[in-house]
Amino acid sequence: MKYKISKAFKKQVTKIRDPKVLSKVRKTIEQIDSATSLADIQNLEPLKGFPHYYRIRFDYRYRIGIYCDSDIVEILVVGSREGFYKGFP
């Protein structure tokens, strides 16, 4: 699948200091790139009440928020579980 990364996502990633979490973010993006459909992405769940918005749980504390319409995935935000659902979508 094709993907785009938002400016907000890039800014939020720079604030993450843990190298293990950054490695997991990289692996998740690679997984999105190699996927042929949304079903190929692990730990992906749709957000209730928001069509085309999904979250990916890649760590016990962190989530990635994406928007998928047709064949393009837009990676919007990354954040800890505590604040993720307050600002997304």
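Observations, loosely collected:
- Residues whose amide H falls under 5 Å from that of V73, counting only those 5 or more places apart or on a different chain, are K2, Y3, K4, with hydrogens built in the peptide plane.
- Each peptide in 7-18, 68-79 gets a packing score, the mean of other Cβ atoms within 10 Å over its residues, and the list from highest to lowest is 68-79, 7-18.
- Lys, Arg +1 and Asp, Glu -1 on Cβ, resulting dipole of segment 2-87 about Cα centre, debye, nearest 20: 540
- Each Lys or Arg adds one and each Asp or Glu subtracts one; over the other residues with Cβ under 11 Å from the Cβ of E82, this totals +4.
- For segment 2-87, the alpha carbon convex hull comes to 91 Å³ per residue, rounded to a whole number.
- Projecting the Cα atoms of M1, C68, Y85 onto the charge dipole of the chain (Cβ charges, centred on the Cα centre) puts Y85 farthest toward the positive pole.
- DSSP-assigned coil residues among chymotrypsin sites (Phe, Trp or Tyr not before Pro) in segment 23-68, each with at most 11 further Cβ atoms within 10 Å: Y60
- Eligible lysines near K48 by straight Cα distance, threshold 22 Å, same-chain separation 8 or greater: K86
Throughout, read-outs are computed from the coordinates displayed, never taken from laboratory work. As the structure is a prediction and not an experimental result, all values here were calculated from the model. Quick reminder, even Gly has a Cβ in these numbers, built from the backbone with ideal geometry, and neighbours come from all protein chains shown.
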